[in-house]
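Comments concern the structure below.
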Amino acid sequence: MSPLITTSAELAAICERMAQHQFVTVDTEFLRETTYYPLLCVAQMATDDEAVVIDALAPGIDLAPFFQLMANEKVIKVFHAARQDIEIMWNMAKTIPHPIVDTQVAAMVLGYGDSISYDQLVQRITGDVLDKSNRFTDWTRRPLTDAQVTYALSDVTHLRSVYVKLAADLAKRDRASWVESEMGVLTSPETYRMDPERAWERLKTRVRKPKELAVLMEVAAWREREAQTRDVPRSRVLKDDIVGDVATQMPTTIERLGQLRSLPKGFERSRWGEQIVEAVNRGLERDPKTLPRFERSRPAQNGAAIVELLKVLLRMTSETHGVAAKVIATVDDLDRIAADDEADVPAMKGWRRELFGDKALALKHGKLALAIEKGRVVTTEKG
């Protein structure tokens, strides 16, 4: 039988067979360069004895059996860097695969490095070098070439070996629960809901005044709704730096909007220019009491030095326990720990706190010291 699935009947049959297995590896090929919502072109799956490529653009194909398999609680779905794959399933069918294992997260927990790529992980575990020449081919063109099908299959067949190896190592080192705790964010619908009212949270623009925040929220929400309606990338509507510029300059008229250097010449005279000005004025009319509170926490005296010490402790912890530093704590985590003993950050919760968080507080308050012993950084408790 051909590994390329193009009919609803073939898909229903393969999903029924795969539902009898303990796990199925999954990957997708999609296009989103010109759209807001990713367009699923191909989905590939493999069990320990079978691998297929689903032509998601085949005329008349019903993908319902695929989504049902993704939701089957008896089958573990294995992905590498799962977020975009799951986002597609949520957008298309409001389905979140569960239970899942993300091998990128598992690899970080086992010390393979920060956000290791799939081909690097495959090479380190199996010794195989993947042919990635078809990664950026046009997956919307039909018919799919033999090379594309072979490429798609290799992504899920190698993933089987990767998963088996990582699962065994997680069990051996008693870290399976660490990965399970990380899957919560990936399997939460909140991760994939594109709520226009929360679009501002994704922007890195740092506003300093409540009025600027209010305008940022309104303009970002307008852009999100516009991108969704037109099904175009956010940047096609308005680039991030322009959204930030509008928030800080707060142009309340078309004339003032036209004075922004970041805005394309003549843009203010379009209907979108009028809508942006309307969004600015809505922001300025918002009750400041309805706005999120600014996080004004700053590191205490010598805070920068504390952060640098925490970075050394983090690297030492990462090397000692064979866990990627990035999955233990981020730089933002360290900044907030330096400023606040009760910082609400992942590094101060669960296994991360046991591994690093408690030591970070002890170091911060002088109860733990860093030293060099035989060329390596070590910690010593202080009385």
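The values are calculated or read from the model by the stated rules, or taken from the named source; none is laboratory data. Not measured: the values here are computed from a predicted model. Every residue, glycine as well, gets a Cβ built from its backbone with ideal geometry; the counts of neighbours run over all protein chains shown. Heavy atoms of the whole protein, side chains included, go into the accessibility calculation; ligands, DNA and RNA do not. Shrake-Rupley method; radii C 1.70, N 1.55, O 1.52, S 1.80 Å.
Per residue, segment 149-193 exposes 47 Å² of solvent-accessible protein surface, assessed with a 1.4 angstrom probe and all protein chains in place. The chain has equivalent-ellipsoid semi-axes of 38, 36, 17 Å, by the square roots of 5 times the alpha carbon gyration tensor eigenvalues, sorted largest first. A simple spin-label model places pseudo-atoms 7 Å from Cα toward Cβ; at His365 and Arg198 they are separated by 3.4 nm.
What is the calculated FRET efficiency for Gln120 to Lys311, with r their C-beta to C-beta distance and R₀ = 35 Å, to the nearest 0.05?
0.90
Accessible-area rank, largest first, for Thr28, Thr205: Thr205, Thr28, with all protein chains present and a 1.4 angstrom probe. The distance between label points at Asp174 and Asp240 comes to 4.1 nm (points 7 Å beyond Cα on the Cα→Cβ vector). Rounded to the nearest 500, the helix-only mean residue ellipticity at 222 nm of the chain stands at -14000 deg cm²/dmol, with each DSSP H run of n ≥ 4 adding -39,500 (n - 2.57).
Going by accessible surface with a 1.4 Å probe and the largest first, Phe66, Phe136, Phe23 read Phe136, Phe23, Phe66.
Cross-link pairs exceeding 31 Å in C-alpha to C-alpha distance, out of Lys239/Lys289; Lys265/Lys326; Lys204/Lys326; Lys239/Lys311; Lys132/Lys265, comprise Lys265/Lys326; Lys239/Lys311; Lys132/Lys265. Sites listed here are GluC sites (Glu not before Pro) in segment 242-298 whose DSSP assignment is loop and whose Cβ has at most 13 other Cβ atoms within 10 Å: Glu295. Calculated from the alpha-carbon coordinates, segment 196-290 shows an Rg and a Dmax of 12.1, 36 Å respectively. For the pair Arg230 and Ser181, label points projected 7 Å from Cα toward Cβ lie 4.4 nm apart.
Once the convex hull of the alpha carbons of segment 302-381 is built, what does its volume come to per residue, in cubic angstrom?
On the way: hull volume 6.7 nm³, N = 80.
Cα-based convex hull of segment 302-381, divided per residue, equals 84 Å³.
Round to a whole number: what % of the accessible area of segment 196-290 belongs to carbon and sulfur, probe 1.4 Å? Write out the running numbers ahead of the final one.
Working: 2600 of 5580 Å².
Result for segment 196-290: 47 percent of the exposed heavy-atom area is carbon or sulfur.
A 1.4 Å probe, protein heavy atoms only, puts the accessible area of Ile54 near 0 Å².
Exposure check, 1.4 Å probe, all protein chains in place: Thr229 carries approximately 120 Å² of accessible surface. For segment 93-167, with all protein chains in place and a probe radius of 1.4 Å, 50% of the accessible heavy-atom surface sits on carbon or sulfur.
Counting only protein heavy atoms and a 1.4 Å probe, tell me what percentage of segment 302-381's accessible area is made up of carbon and sulfur. Show your work: numbers first, answer last.
On the way: 2180 of 4340 Å².
That share works out to 50 percent.
Legend: helices of the chain (whole DSSP H runs) are marked when their alpha-carbon atoms reach 24 angstrom or more along the helix axis and their mean Kyte-Doolittle hydropathy is at least 0.0; marked are 146-172, 303-321. Extension gain, Thr7-Asp49: 0.36 nm per intervening residue step, less the Cα-Cα distance, totals 13.0 nm.
Within the assembled protein chains, the solvent-accessible surface assigned to His98 is about 70 Å², based on a 1.4 Å probe.
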